[in-house]
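Have a look at the structure below before the remarks.
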Amino acid sequence: HLSDEEWDKVNQTGVNFVIDSDAHEPLKIGLIDEAVKMIERVGINKDRIKNIDGKTPEFFRFKEFKKHL
């Protein structure tokens, strides 16, 4: 868990983001409320989040990695 100050530093690098619920129990799967609160609090532009508001990332690293197994 990063602090808001640490997220701000990450945000300043210009990277893109993918968010998820990081659920550790079935009832929390898909709940991204806390992530959205952090995004708004820190000021991350939603255009840089590749899987929000119905968008799907163009590239999943794990999917590509599995092709090489």
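The values are calculated or read from the model by the stated rules, or taken from the named source; none is laboratory data. Worth saying up front: this structure is predicted, and the values here are computed from it rather than measured. We work out accessible area using only protein heavy atoms, side chains counted, and drop any ligands, DNA or RNA first. Shrake-Rupley method; radii C 1.70, N 1.55, O 1.52, S 1.80 Å.
Candidate cross-link partners of K67 among the aspartates and glutamates, defined by an alpha-carbon separation under 17 Å and a same-chain spacing of 8 or more, comprise E58. Once a ≥ b ≥ c are taken as the square roots of the eigenvalues of the Cα gyration tensor of region 1-41, is the result rounded (a/c under 1.5), prolate (a/b larger than b/c) or oblate (a/b not larger than b/c)? Judged from the Cα gyration tensor, region 1-41 comes out prolate (a/c at least 1.5, a/b above b/c). Per-residue accessible area (protein heavy atoms, 1.4 Å probe) orders I19, I49 as I19, I49, starting from the largest.
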